[in-house]
1. Check which residues have an amide H placed less than 5 Å from B:G257's amide H, if you skip close sequence neighbours.
2. What's the extension gain from B:E64 to B:R12 if we count 0.36 nm per residue and subtract their Cα-Cα distance?
3. Report the label-to-label distance for B:Q222 and B:E472 in nanometres (one decimal), using points 7 Å from each Cα along the Cα→Cβ vector.
4. For A:L15 and B:R446, what is the calculated FRET efficiency with R₀ set at 41 Å and r taken between the beta-carbons, to the nearest 0.05?
5. Taking amide H positions as placed in the peptide plane 1.01 Å from N, state which residues far from B:I93 in sequence (5 or more) or on other chains have amide H under 5 Å from it.
6. Tally Lys/Arg at +1 and Asp/Glu at -1 over every other residue whose Cβ is under 15 Å from the Cβ of B:V20; what's the total?
7. In whole angstrom, note down how far apart the Cα centers of segment B:231-287 and segment A:105-157 are.
8. State, to one decimal in nm, how far the label point of B:A490 lies from the label point of B:F78, with both points 7 Å from Cα in the Cβ direction.
Amino acid sequence: MSLLYALLAIGLLALLFGLILGYAAVRFKVESDPLVEQIDAILPQTQCGQCGYPGCRPYAEAIANGDEINKCPPGGESTIRQLADLMGLEAKPLDDAHGSNDVKKVAFIREDECIGCTKCIQACPVDAIVGASKQMHTVISEECTGCDLCVDPCPVDCIDMVPVKVTASSWRWQLDAIPVKTID
Amino acid sequence: MQSLIDKIRQGRFFDFPGGVHPPGRKTLSNQDVIGKCTLPEHLYLTVKQHIGAPGQLQVKVGDEVLKGQALTRSTNPFALPVHAPTSGKVTAIAPHVSAHPSGLAELSVEITPDGRDKWIDLTPIPDYQQLPKTRIIEAICDAGIAGMGGAGFPTHIKVSPKKDVEFLVINGAECEPYITADDRLMREHAWQIRQGIDVLCHLLNPGHVLIAIEDNKPEAIQAMQVACQEKPDYIICPIPTKYPAGGEKQLIQVLTGREVPHGRLPIDVGIIMQNVGTCFAVADVIFTGKPLIQRVVTLTGEAMTKPCNVWALLGTPICHLLKHAGYEKAQQGVQRLIMGGPMMGFSLASEQIPVVKSTNCILAPTQQEMTLPEEEQACIRCSACADACPVNLLPQQMYWHSKAKELDKAQDYNLFDCIECGACAYVCPSQIPLVHYYRVAKAQIRQQEEEKQKADKARDRFEARKQRLEEEKAERELKHQQAAEARREAMHKQGDDPKSKVAAALARARKQQTSDETTAAPETADKVAAAIARAKARKAAVQQGDSAPSDTADTAAEDKQAKVAAAVARAKARKAATQQGHAAPSDTADTAAEDKQAKVAAAVARAKARKAAVQQGDAAPSDTADTAAEDKQAKEATASKSKTTKQVKPKDKVSTQVTAADTPVKPAPADDREEQKRQRVAAAIAKAKQQKAQKDRQQASSTADMPAEKVAQPLVEVDEQKKQRVAAAIAKAKARKAKLDMQSSADNQQDKTDE
């Protein structure tokens, strides 16, 4: 008899918790994978596609599904380190197959050579190029992520990737970089 | 609260943690009155000399400017104008090396003084107490006054706080070694400083004014006490000398014991702090109208033969001031010029760097005085830096993480609370330039944050673009869908039409099929006949299309028939003629003949005549007569003598048919040209059709038999006229028929033999 009571009690409890869990699963359902959001927040959002995915978010999803974390040249070492921290992986050097992390650049359109074909406007992932058909185009350098995607479509090769100029506010205290000059 | 004021009045101050006591070396430069400096050859006014946004340029190259004229205009609350320090000409607006540790070139206005030093019209406002506060604040902003203690924060923002001000602290501590600019200013211009304090008090309405001066400047303390003796609210506070007591937060802590919380401003604890130099400049603006165009700069260091303080115009290149102070490079092993003090200053990259609003000292130490930084040793964890830190940080930990670029961890140790005073590096036994590491780490963190913001913006833009593209696509699809629906509706509106249309189309297709069959059938039987039939049909169609009168159409049709018949007849005649030509080659010289029938007839006649003549000549040559009767006789003779009746028969036929054909054509309406034209067109079409039929046949009988070729060759040679082709075609057709017959008969024979 006591065995029956025990079984009954356990069974009821199991049913109760099952109901609670079932309700919670429906009520507190997480809409999207929060891990993807976190990874996407770390990625530099250049949308350059150098990782082999069409944008930063697809790469974030790929990382969440187990892809390598060292495929983002614009992010460089610091991004890899942050991703390694987040994913609990070992930080590894940047995969050279996806390009190198050189100086930050922005696109620059030599405006007198532009024919106004709008091809670069269509290529720009962040709408950082303004212009209209048969009108000169120009890059909003503030918005440019330096992804390079506009360079190839240009039929007249009038887009250059120009290194971002160092200003006093963006200077990083590289005192060694100052040439020591002896003034006579 | 009263107790706090009492404590301050009694000179019982608080203390801040850490701090160092470096040798002051102030007597080097504080002995003489502030000197005047000569005008330099060029002045370089950096457009942005303060924290905030640069002003908007108001002048262009070549403009003549007067002393005190604004070169830029303030366009937003954090922008300050700069003014021409003397009268002269704007000779360039270009990047020039700036007073920044990086030594990077920044946009500057170059002024070449004309030596007249002519002031612009000044508008002092000595009755400021009657004016609204905004008017005074505006005047301070327009004068371009920024904090002159070092940071260069725009003063007009600082004097318009949103909160109540309990203490207005006037900072005359000047804790850094060597610098005596504020010391000399207080000694010589205490009265004007007090006037400035009055203006600030009017604006801020503080509970108390504390004038903090380090106790190593007794003359300045005394001068200020004298200047402020009428004002019991102004408390002169001689604070103990300890570096960095002049730091904003440290001074607040010394005077009131309050600490400014992390990430907050002094106003959050009810305190506003202004430098004595700023007070002097404010007084200048209000009582004389002069904008900020000059400041006191200490020129000191043992490499200067005449260390002193000077009134330096903003924009004066350092080299000009060095000349004034008798700088001797020989006394320095390696050239080393420091802007600011030895603790917080930075080495200058060029002697062309101009004086800016926050330049308080140019230091040129000898090597004995200040040894060059030795090679950095490993940190020995002595924690001397932690003891010296005035902000209670752990410099060794921050150093550790900054060096390893573990920026998050460095931030965990409150890296951004570091005031970069340099006390830690001063005490470090391992000669580690700690502050430099912190600065690099701070710059990196700032950059990362900036990049993060940019990344967020880029993400937003990317997603906005994606959404836009999707919307556009959906819109396009919707449009297409609507267009399709509109089409469908339009068709429905027309009712049964589609059905009837389909039926009509089907009927047409069927008709075509049947017509094809009908045309195909005779082709097998008799292609020529088919061609003629088609031509007739076509002709009729054309006439119907032209909606020609029915009677003319009928006549035209008849004409057509006649013409076709004539063509066939002509071809036959031609054949006969050529055959005759073979018999009598001399008669085939009628190549260019236009009227074939006539010629053929003539030739035939001639041939007959000749033959008759020959015959008659043979029989009785004298009886040659030229009459028609004789001709007839000859004809009969030839007819009798002709090898085949086949040859003769067509001849007769030709003559009769030719006349038959000619008669309908000739009386045909010559006046009605259109009619004629139409007939011609019809004839041409018929000819073309026949030609086509001929071609088909040629293709069919690619292995053209001998007789056909024999007939065809001369024809082609002679003339390209279609009639001939028609004739050739007919001939070929006949030949082919004959051949086929022969073949079939041969086959039959073979079959028979086989049997």
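Only the coordinates and a few stated rules stand behind these numbers; no lab work does. Keep in mind it's a predicted model, so treat the numbers as computed, not measured. So basically every Cβ, Gly included, is an ideal-geometry build from the backbone, and we count neighbours across all protein chains shown.
1. Here the answer is B:F14, since their amide H atoms fall under 5 Å of that of B:G257.
2. 13.2 nm
3. 8.0
4. E between A:L15 and B:R446, to the nearest 0.05, is 0.10.
5. B:E110
6. With Lys, Arg at +1 and Asp, Glu at -1, the neighbours total -3.
7. If you average the Cα positions of each part, the centres end up 52 Å apart.
8. Roughly 6.0 nm, to one decimal.
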